[in-house]
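Peer 1: Attaching a single structure in structure tokens format; questions to follow.
Derivation of every value follows stated rules applied to the coordinates shown; laboratory data play no part. Quick caveat: nothing in here was measured; it's all calculated off a predicted structure. Virtual Cβ from ideal backbone geometry, glycine too; neighbours counted across all protein chains shown.
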Amino acid sequence: MRTHPRLSRRLAGVATATLTGALLAVPAPVTGAPPAGPLPQITPVPQQISRSGPDVVVPGRVELVVGSGTDDPARQLLVDLLRSHGADRVDLVAEPSGRAPLSIRLGPADRADVAAALQSAVPEHAEAYALNVTRSGAPLGRVALGGADAAGQYYAVQTLRQLFVPSPDGGWRIAGATVRDYPAMPLRGTIEGFYGQPWSHHERLNQLAFYGAVKANTYIYAPKDDPYHRERWREAYPATKLAELSELVDQAAAHHVRFTFALSPGNTICYSGAADRSALLAKFQSMYDIGVRAYSIPLDDISLRFNCPEDSARYGAANQGSVGRAQAELLSYVQDAFVDTHEGTQALQTVPTQYGDLTETSYKQSWRAYLDPEVVVMWTGTAVVPPSITISQAEQVSQLFGRKVFVWDNYPVNDYGNTSGRLLLAPYDKREAGLSEHLAGIVSNPMNQAAASKIAIFGFADFTWNDRDYDPARNWREAMRHLSGGDPAATQALLVFGDLNHLAPSFGAPWQPQAPVLDAAIQAFWTAWKAGDRSAALSGLRRYVDQITTAPAAIRAGAVDPDFVSDARPWLDATELWGQATQRMLDALRARLDGDEPGSDALAVQSQELQDQARAVVVDPPDNTWGRAPVRIADGVLDTFLMRAQFALDLWELGDVENLAIGGMATASSVEQDLDRLAARFVNDGDNGTRWASGYSDTEWVQVELAEPAVVSAVTVNWESACATSYRIQTSADGADWQTVQDVTDSSCALDVVRLNDDTPIRFVRMQGVDRKTTWGYSIYELGVYGAAG
Ligand code: GDL
């Protein structure tokens, strides 16, 4: 360790003086100092950050004081940052010359000059750092960056990267900040654990650099569709693939990310067989040889069965308890025979076959009894795609597995049916602050679209670093700023686009709402419209819809990460069309308001044509697992608005058009398993997040009795995936005598609209099932009845 006694004494003196001064009063401004405004927003949000004094100018010449303990990636990043912010000359020195206007110390927290210049201790915590920027009389500046370990140094530089602020003279300053910081959770990052097209090599290299920038330290390589990871797990990687993996391992190390190699042998492995155990260790050894020091054996999505007579002989008949024991013994063996014998290797990670619940089972009992306490166990949260994760759940699952678990969070992964046609761009949300005390960490399982996944991952990185200060809305804005390189117009366009792709599905109801900002604008529109303030309603909504229409061009204009633009291409195309369709519809309402009925009709037709074009935009394999699927943009919000606006035009003379079902009474032939959460009343509660579901037969029905008889323009059925392939829409004035207004045999299995062309008031509307698409019953989010109120 290099020490600089003379220097540290001098700096120690400075430190005392500054600290004493700070306690007594605000430090006197240094003459000519740039103004000390609010500090830039840092992500992940540091544990402690405050202003140390005025900003420091980045001069043409900078001295970087480094030592043998200085981390290479941190040093390289710092040199690059200084060069790209106006320092033409960066001298690496062991001792400061005193001649450079800006000197920066970078190294371990216990290097004496670093410690002295920091003016406060680095937190005693893995990956911690402290940073201090001081202006010591114009134009001199000093920066100290100290890490508890190498990663800490790197993270100090990643924070400094965000402290560069442009000067009015065209140059750069470093914001006068002092930071003490450390991660709340030890394991942070992603697991490439989805089905379908794995990420490309280029995407992985890019992701690893991104993780470094957001202080995420974990990437688990577990793509279900890499045959050498799962189906053909015993086979060695071909040379070209191994060379790519080797490059990923190096890239990960260069960004302080642990490349974690996962092997999923569960479909065929003989748990206790000597040959399979050796095959597994041989595969791990081949990864060790290219530098891998972290491993996982995921056992998700397999049957609890034995694949060889040895296992049955050893553990008895296959059941939860016996297979659980066989798995736990295999994992403990790998921890013992491989991890413990290989220098520098992290504790083994695994995913149990029962990974998504909080139920005590004989499987989990076996894991508690036979699994080495060192092994890190993953858990997905409840229901595989959890609507939320709470401290209480984390406590329960810790009991079940006898350790703090590592969360495999299935967001924003879009490889399952309910995600068909969707990009998932909502911020990471609904994970309870304080979870850091109860978990080993959290990783995101992202989308097949790597660059588009960065919006959510930006949130994961922030939450896992500092869960107590996590603010989803702030993080989301910062994510968009990051993706657009700080360009304000592109950032705003991304926020508008992100809102249109906000819905987060699950295996049940969505856990994040669709298009909340647009939805609020539409609600405000109808409120003003009904209050008679129609012109203002139109101009208010028109302003936001204009932003929707122009967002794709702004996103494609050049500032936004080109990989994001390429991932989002079909969604951008659809957004432009939906935006134009909505503009035309608002224009049609305006024309009608102005008394121009033919003009209004023509505009409404144009809107319908644009809507048809928007609905025709599809996304093709192989980028997704859904096959050729229609792109979904603001579905349930924008399409519903356009529909209601069209109904308002249709029934213009009759007054306001509303979804009259909401004030009505729903009844049904049956409810699935008599579950209250699937009761008929949820079919007309105005909430697309709840639903009615029937018993499992073809003839089931649901109906709504309106509060009063009304002239109805259309009936809408918003289907869940358990839809009808064939059904009838029937109406009645008295609930006894029914007319079939339409036989539907081409259901969209999404939002069906059935137009009614009869001015006779009706009181009852029924969906009468004829034929089911699935073996489940019928399931409908909302049955809408659009007609003139009063
Ligand atoms: C899963 C799979 C995962 C998949 C996800 C969403 C785990 C542990 N396994 O069950 O590979 O991407 O659902 O479909 O989550």
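Peer 1: Got a sec to turn the phi values of the stretch 155-161 into Karplus ³J(HN,Hα) couplings, 6.51 cos²θ - 1.76 cosθ + 1.60 with θ = phi - 60°, whole Hz, x for Gly and Pro?
Peer 2: The phi angles translate into 5, 4, 5, 5, 6, 4, 3 Hz.
Peer 1: Can you give me the distance in nm between label points at residue 759 and residue 681, each placed 7 Å from the Cα along the Cα-to-Cβ direction?
Peer 2: The answer from the label model is 3.8 nm.
Peer 1: Shifting gears a bit: How do the peptides 327-339, 83-95, 453-465 rank, highest first, by the average count of neighbouring beta carbon atoms within 10 Å per residue?
Peer 2: By packing density, highest mean first, the sequence is 453-465, 327-339, 83-95.
Peer 1: Next question. Once both axes come from the Cα atoms, what is the angle between helix 5-24 and the longest principal axis of the chain, in degrees from 0 to 90, rounded to 10?
Peer 2: Value to nearest ten degrees: 50.
Peer 1: Let me ask something else about it. When 376, 717, 605 are ordered from fewest to most other Cβ atoms inside 10 Å of their Cβ, what list results?
Peer 2: 605, 376, 717
Peer 1: Classify the stretch 92-185 as rounded, prolate or oblate from the Cα gyration tensor: take a ≥ b ≥ c as the square roots of its eigenvalues, call it rounded if a/c is under 1.5, otherwise prolate when a/b beats b/c and oblate if not.
Peer 2: oblate
Peer 1: Compute the angle between helix 239-254 and the longest alpha-carbon principal axis of the chain, please, reported from 0 to 90 degrees and rounded to the nearest 10.
Peer 2: That works out to roughly 70 degrees.
Peer 1: Let me check against my output: what whole-number percent is the relative contact order of the stretch 106-209, with C-alpha pairs under 8 Å and at least 6 apart?
Peer 2: Across the stretch 106-209, relative contact order equals 25 percent.
Peer 1: Moving to a separate point now. Taking θ = phi - 60°, what integer Hz values does the Karplus form 6.51 cos²θ - 1.76 cosθ + 1.60 yield along the stretch 225-236, in sequence order, with x for Gly and Pro?
Peer 2: 8, 8, x, 6, 8, 10, 5, 10, 5, 6, 7, 6
Peer 1: Further, regarding this structure: With the crude spin-label approximation of a point 7 Å out along Cα→Cβ, what separation in nm comes out for residue 536 versus residue 231?
Peer 2: The answer from the label model is 6.3 nm.
Peer 1: Sequence-distant or interchain residues sharing an amide H contact under 5 Å with residue 291, placed H: which?
Peer 2: none
Peer 1: Set the Förster radius R0 to 60 Å, insert the Cβ-Cβ distance between residue 770 and residue 68 as r into 1/(1 + (r/R0)^6), and round the FRET efficiency to 0.05.
Peer 2: The calculated FRET efficiency here is 0.15.
Peer 1: Then there is this: Among DSSP bridges having both ends in the chain, what percentage is antiparallel? Round to the nearest 5.
Peer 2: 60
Peer 1: Based on the Cβ-Cβ distance from residue 314 to residue 737, what FRET efficiency comes out when R0 is 51 Å, to the nearest 0.05?
Peer 2: Values: r = 71 Å, r/R0 = 1.38.
So, using R0 = 51 Å, E works out to roughly 0.15.
Peer 1: May I pose another question? Sequence-distant or interchain residues sharing an amide H contact under 5 Å with residue 177, placed H: which?
Peer 2: The list, which skips near neighbours in sequence, is 52, 133.
Peer 1: May I pose another question? When the helices in the chain are scored as -39500 (n - 2.57) per DSSP H run of 4 or longer and the sum is shared across all residues, what 222 nm value do you end up with, to the nearest 500 deg cm²/dmol?
Peer 2: The helix contribution divided over the chain gives -11500 deg cm²/dmol.
Peer 1: Are any of the pairs 404/430; 430/530; 215/364; 224/283 more than 27 Å apart by Cα-Cα distance, and if so, which?
Peer 2: With Cα atoms farther than 27 Å apart: 430/530; 215/364.
Peer 1: Any idea what angle helix 274-288 forms with the longest principal axis of the chain, computed on alpha-carbon atoms, 0 to 90 degrees, nearest 10?
Peer 2: 70
Peer 1: Okay, next question. Where the centroid of each part is defined by its Cα atoms, how far is the stretch 361-440 from the stretch 759-790 in Å?
Peer 2: 38
Peer 1: How large is the dipole of the chain about the Cα centre if only Lys and Arg carry +1 and Asp and Glu carry -1, each at its Cβ, rounded to the nearest 20 debye?
Peer 2: 3100
Peer 1: Which of rounded, prolate, oblate describes the chain, given a ≥ b ≥ c as roots of the alpha-carbon gyration tensor eigenvalues and a/c under 1.5 marking rounded, otherwise prolate only if a/b is larger than b/c?
Peer 2: Oblate, because a/c is 1.5 or more while a/b does not exceed b/c.
Peer 1: A further question on this structure: Looking only at the stretch 563-589, which residues have a backbone nitrogen under 20 Å from a spot 7 Å from the Cα of residue 618 in the C-beta direction?
Peer 2: 567-578
Peer 1: From the phi of every residue in the stretch 79-87, what ³J(HN,Hα) in whole Hz does the Karplus formula 6.51 cos²θ - 1.76 cosθ + 1.60 yield, where θ is phi - 60° and glycine or proline is x?
Peer 2: These are the phi-based 3J(HN,Hα) values: 4, 4, 5, 5, 4, 7, 10, x, 8 Hz.
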